[in-house]
Amino acid sequence: MRTRVLIVGAGPTGLTLAAELRRRSVECILIDALDKPLSWDRATIVHPRTMELLSTIGVSDELFETGVHQRFIDIFSDGAHLGRMDLAETDSPFGFNVNVSEEVTERAMSRHLHANSGTVQYGHRLTGMELADDRVLARIAHAGEEYELEVEWIVGCGGLHSPVREFTGIPFEGHSISQSWAVVDTTIDGWPWGHDTNFAFLDHDSVILTPLPDLRWRAYIRPISDTSDLIEDASTIIRRYAPGASLIDNANPTRFHCHTKVAADYRQGRALLAGDAAHVCSPSQGHGMNSGIQDAFNLAWKLALVCHGDADPRLLDSYEAERRPVALTITSSGDGFETMQTLKDDQERAERDASLRATFSDPQARHGEILAEAELNISYEGSPIVVPSGSAGTGVQAGQRLPAAIGLYPLIGQMHTAIVIGEHSSLVEEVASTIRAAYGGEIGTVVSLALDDPATVDADVRAAAGGVLGDASLTILVVRPDAHIGLRSDGAEIDSIRSYLDLIRAGGR
Ligand SMILES: Cc1cc2nc3c(=O)[nH]c(=O)nc-3n(C[C@H](O)[C@H](O)[C@H](O)COP(=O)(O)OP(=O)(O)OC[C@H]3O[C@@H](n4cnc5c(N)ncnc54)[C@H](O)[C@@H]3O)c2cc1C
């Protein structure tokens with residue numbers, strides 16, 4: 001094997017991408033300018049959608065066991081409770097955010113990388129690159145020397161100041177967030193409430209508390225000034241809700257200047273961008289790292305097919321088509337939260353509070369907020385590599401995520417998976433066998449799920465499968481390695497699978 005891909009930056013995005021490429025036997029090199037991994041980093045919240053994806057590669061267990069299961073989000077303003085979100089109201093088996101400090105998530109992903117014979121080359125800094133039609137020449141500094149590396153693809157996962165983005169000249173469009181952020185890890189002595197909740201206090205000089213293991217908290221603070229005492233800033237707000245409480249064992253007080261920016265392009269020839277290199281947003285909703293990991297899941301299987309010669313490089317354009325709209329949504333949502341959180345005018349704050357109360361007391365509006373928080377509302381309907389569901393009027397549509405309640409995530413492999421769901425086991429088995437015989441080389445796993453088979457289908461799975469089926473009595477789903485449905489075909493006819501696989505091979509419409 002020769003090195004096909006250079007990944008620049010070993011944060012959560014680069015680690016996930018490298019591990020997922022290695023799992024598909026793609027030779028890649030992952031470099032980071034740091035001498036060793038950070039011992040502390042910013043992000044705490046791993047959302048349900050990311051946990052679902054991590055469950056397909058066996059990484060969710062470690063986070064599930066280590067992290068705090070944060071089920072609720074409670075929003076307050078000026079001493080009053082405005083509303084609550086309960087993530088258990090989703091259909092995900094992960095009805096909670098998993099809260100751990102970012103370096104724990106990175107360690108879990110590093111183990112996945114090592115398990116797939118990959119490693120990080122620390123102390124290697126990308127200093128330059130030349131893009132040609134057939135290759136990329138990268139210049140890398142290491143231990144006082146500079147060397148050149150020729151690869152087929154380069155992926156910029158280097159964060160906000162991504163050198164790959166800067167060398168390509170791809171514009172990073174957006175703005176800086178004017179009011180700074182800060183975080184501090186703390187124990188709140190005298191805390192009167194639970195530890196399974198994210199508390200957003202939208203007071204003047206707002207504080208958000210996210211729970212961490214060992215009854216610790218990470219306080220996300222809007223500092224009163226650039227030189228204010230962060231502990232004092234946080235304590236003032238927290239004592240309003242927990243009189244007499246004090247912040248003890250404080251660690252890692254750090255200030256950040258944040259930005260709302262999205263790269264104009266995610267691909268320029270043989271260079272691609274992912275994670276913070278492609279998009280940065282307000283940290284208020286905890287979408288940055290999650291989106292980076294999900295970028296990597298979206299890109300890895302496509303890049304692997306291209307590297308193995310099994311798909312046209314045009315397939316990589318579907319990565320931008322699917323993931324850039326997600327970045328635009330989360331950056332815009334983050335801007336909305338920033339505006340809401342930093343209002344100073346009393347009248348505007350009163351209107352904001354009334355609007356939040358109305359949202360959280362309306363079940364439908366609240367559910368929409370919960371799905372967005374959990375990142376379970378992401379869909380690739382309209383993507384150039386998703387076959388529109390056509391006549392399938394009800395049930396889950398192509399482009400949407402496979403509902404995890406169906407219980408099949410651990411079976412999703414590195415190739416496409418076909419799932420045959422139907423009311424009668426004899427027909428389901430027959431169709432599944434035909435798919436195995438016709439497409440065994442291209443479809444990794446074929447799973448059958450018959451609703452009349454109580455021995456193998458428990459009540460929850462049957463309910464989820466019924467929801468997927470909708471009005472149909474039998475449907476075939478072709479599920480992508482990132483657990484989105486690429487094709488839904490109702491009925492026993494299997495030729496549409498050929499058309500779908502040809503579409504992937506051609507790289508899209
Ligand atoms: C205060 C705060 C709180 C946050 N909380 C959350 C949260 O709860 N949940 C969430 O999802 N997100 C959160 N985020 C965002 C999250 O931290 C980032 O989105 C995430 O770390 C981005 O990961 P990444 O791998 O894309 O980039 P990074 O983590 O920035 O990694 C980039 C890597 O590239 C390396 N690099 C840079 N230049 C070079 C070079 N020339 N050569 C080689 N290597 C290079 C760097 O050393 C670095 O290791 C928060 C952000 C902030 C500021």
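Considering the range 419-446, and only residues there that are within 20 Å of ARG23 (Cβ to Cβ) and touching a Ser or Thr at 6+ places or on another chain (Cβ under 9 Å), the residue that is surrounded by the most Cβ atoms within 10 Å (Cβ to Cβ) turns out to be ILE443. When you look at SER60, is it in contact (Cβ under 8 Å) with a residue 60 or more places away in the chain and under 17 Å from the mean Cα position of the chain (by Cα), yes or no? Taking the combined requirement at face value, the residue does not satisfy it. Residues being in contact with a helix residue (DSSP H, G or I) (Cβ under 8 Å, 6 or more places away or on another chain) and in a loop (DSSP other than H, G, I, E, B) are entirely absent from the range 289-309. Restricting the range 448-477 to residues that are in contact with a helix residue (DSSP H, G or I) (Cβ under 8 Å, 6 or more places away or on another chain) and of a type in the set (Asp, Glu), the residue that is farthest from GLY491 (Cα to Cα) is ASP460.
GLN341 - would you say it is within 30 Å of ILE224 (Cβ to Cβ) and either in contact with an Asp or Glu (Cβ under 7 Å, 6 or more places away or on another chain) or open to solvent by 70 Å² or more (accessible area, probe 1.4 Å) (or both)?
For GLN341, the condition - within 30 Å of ILE224 (Cβ to Cβ) and either in contact with an Asp or Glu (Cβ under 7 Å, 6 or more places away or on another chain) or open to solvent by 70 Å² or more (accessible area, probe 1.4 Å) (or both) - is not met.
How many of the residues making up the range 211-230 are within 16 Å of the ligand (Cβ to nearest atom) and not in a strand (DSSP E or B)? Matching residues across the range 211-230 total 5. Based on this model, can you work out whether PRO37 counts as within 16 Å of the ligand (Cβ to nearest atom), assigned to a loop (DSSP other than H, G, I, E, B) and over 30 Å from ASP353 (Cβ atoms)? It is true that PRO37 is within 16 Å of the ligand (Cβ to nearest atom), assigned to a loop (DSSP other than H, G, I, E, B) and over 30 Å from ASP353 (Cβ atoms). Across the range 235-281, the number of residues qualifying as farther than 30 Å from ALA300 by Cβ, away from the ligand (no atom under 12 Å from the Cβ) and out of contact with any Leu (no Cβ under 6 Å at 6 or more places or on another chain) comes to 16. Somewhere in the range 135-152, is a residue within 15 Å of the ligand (Cβ to nearest atom), part of a loop (DSSP other than H, G, I, E, B), open to solvent by less than 60 Å² (accessible area, probe 1.4 Å) and not assigned by TED's automatic domain parsing to the domain that holds PRO223? Checked against the condition, which is being within 15 Å of the ligand (Cβ to nearest atom), part of a loop (DSSP other than H, G, I, E, B), open to solvent by less than 60 Å² (accessible area, probe 1.4 Å) and not assigned by TED's automatic domain parsing to the domain that holds PRO223, the range 135-152 yields no hits at all. Of everything listed in (1) open to solvent by 40 Å² or more (accessible area, probe 1.4 Å); (2) within 11 Å of the ligand (Cβ to nearest atom); (3) of a type in the set (A, V, I, L, M, F, W, C), the single unmet condition for LEU30 is (1). The residues on offer are GLY194, GLY159, and the sole one that is open to solvent by 10 Å² or more (accessible area, probe 1.4 Å) and either away from the ligand (no atom under 16 Å from the Cβ) or among the charged types (D, E, K, R) (or both) is GLY194.
Conditions tested, residue by residue: (1) within 16 Å of the ligand (Cβ to nearest atom); (2) among the β-branched types (Val, Ile, Thr); (3) modelled with pLDDT of 95 or more.
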| residue | (1), (2), (3) |
| --- | --- |
| LEU17 | yes, no, yes |
| ASP41 | yes, no, no |
| GLU65 | no, no, yes |
| ASP74 | no, no, yes |
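Of all residues in the range 173-191, those satisfying the criterion of being open to solvent by 40 Å² or more (accessible area, probe 1.4 Å) and assigned to a strand (DSSP E or B) are GLU173, GLY174, HIS175, SER176, ASP189. Would you say LYS344 is basic (Lys, Arg), out of contact with any Pro (no Cβ under 8 Å at 6 or more places or on another chain) and not in a helix (DSSP H, G or I)? In short, yes. When the range 337-378 is examined, which residues are found to be hydroxyl-bearing (Ser, Thr, Tyr) and touching a residue at least 60 places away in the same chain (Cβ under 8 Å)? Scanning the range 337-378 gives THR342, THR359, SER361.
All conditions in (1) more than 22 Å from the chain's Cα centre (by Cα); (2) within 28 Å of GLY58 (Cβ to Cβ); (3) more than 16 Å from the ligand (Cβ to nearest atom) hold for GLN121, with the sole exception of (3). I'd like the residue in the range 182-206 that is closer than 21 Å to ARG352 by Cβ and at pLDDT below 95 and, out of all such residues, is nearest to the chain's Cα centre (by Cα). Looking at the filtered set, the residue picked out is SER206. When VAL446 is tested against the conditions (1) modelled with pLDDT of 95 or more; (2) closer than 21 Å to ILE378 by Cβ, the lone failure is (2). Would the range 435-453 turn up any residue that is among the polar types (S, T, N, Q) and either in a loop (DSSP other than H, G, I, E, B) or over 30 Å from ARG314 (Cα atoms) (or both)? Yes: the range 435-453 contains one or more residues that are among the polar types (S, T, N, Q) and either in a loop (DSSP other than H, G, I, E, B) or over 30 Å from ARG314 (Cα atoms) (or both). Whether a residue is more than 12 Å from the ligand (Cβ to nearest atom), within 14 Å of the chain's Cα centre (by Cα) and open to solvent by less than 20 Å² (accessible area, probe 1.4 Å) was assessed, and ASN298 passes this test. Across the range 94-116, the qualifying residues are those that are more than 29 Å from PHE72 (Cα to Cα) and not in a loop (DSSP other than H, G, I, E, B), and the one among them that is farthest from the ligand (Cβ to nearest atom) is ALA115.
The values are calculated or read from the model by the stated rules, or taken from the named source; none is laboratory data. This is a predicted model, so every value here is computed, not measured. Please note: Cβ atoms are built from the backbone with ideal geometry, for glycine as well, and neighbour counts cover all protein chains shown. We work out accessible area using only protein heavy atoms, side chains counted, and drop any ligands, DNA or RNA first. Shrake-Rupley method; radii C 1.70, N 1.55, O 1.52, S 1.80 Å.
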